Amino acid sequence: MNANLYRFGCAAVLALATLWASAQTPASSAVPDDLRAVLELLRSDANTFKIETLNQALQLTAAEAEAFWPIYRRYEQELAAVADRKIALLREFGERCVQGTLDDAAADQMAKRWLANARDRLNLWKKYQKRIAKAVSPARAAQFLQVEHQMALFLDINIAAEMPALRTVTVTEKPE
């Protein structure tokens, strides 16, 4: 599993490097399409890795698998929407850093969106923990959460490592 996690991390770093590079490229280039392709490939690889990991961790019986996998597919669809919003936010952050347009107002608005995205992911975990617990078992739901949380932490660490420093924020003086 560690080799697969490393491969997943390398793909995440590659996607993030492409994300930051695209923020520095003029809008007329084909980089956004290239970025979209890289991100879709990363998502596909991540989903494959997650399914392998879930299969190893859960070791579902045939009856459990029949109940679990349809729920998991719906979860992944909803998670993709949350991830898309996070990617858009990361891209905006990178572009603003490169352009020097990350002022206090934009930083505050983006921080609120970041927190909302984290809340959305947590709410999604809660929702699907309940569904899996009811359809399969509370123990399987806990295992699902453990794998999802570990994957999310790993990806978040890779994102944090690639983020530009906040020293690029243009601070406006507050009136006294």
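Please treat every number below as a calculation from the coordinates, not as lab data. Please read these numbers as outputs of a predicted model, since none were measured by experiment. Cβ atoms come from the backbone with ideal geometry, glycine included; neighbour counts cover every protein chain shown.
Taking 0.36 nm per residue of sequence separation and subtracting the Cα-Cα distance, how much length would be gained by fully extending the chain between Gln146 and Ser44, in nm to one decimal?
Difference between extended and current length: 34.7 nm.
For Leu115 and Ile157, FRET efficiency with R0 = 25 Å and r from the beta-carbon atoms, rounded to 0.05?
Taking R0 as 25 Å, the efficiency between Ile157 and Leu115 is 0.85.
Could you work out how far apart the two model spin labels at Glu78 and Ala105 are, taking each label as a point 7 Å from the Cα in the direction of the beta carbon, and quote it in nm?
Label at Glu78, label at Ala105, 3.5 nm between them.
Return the lysines within reach of Lys86: Cα separation strictly under 17 angstrom, same-chain partners fewer than 8 residues apart disregarded; answer none if there are no such residues.
Correct list for Lys86: Lys112.
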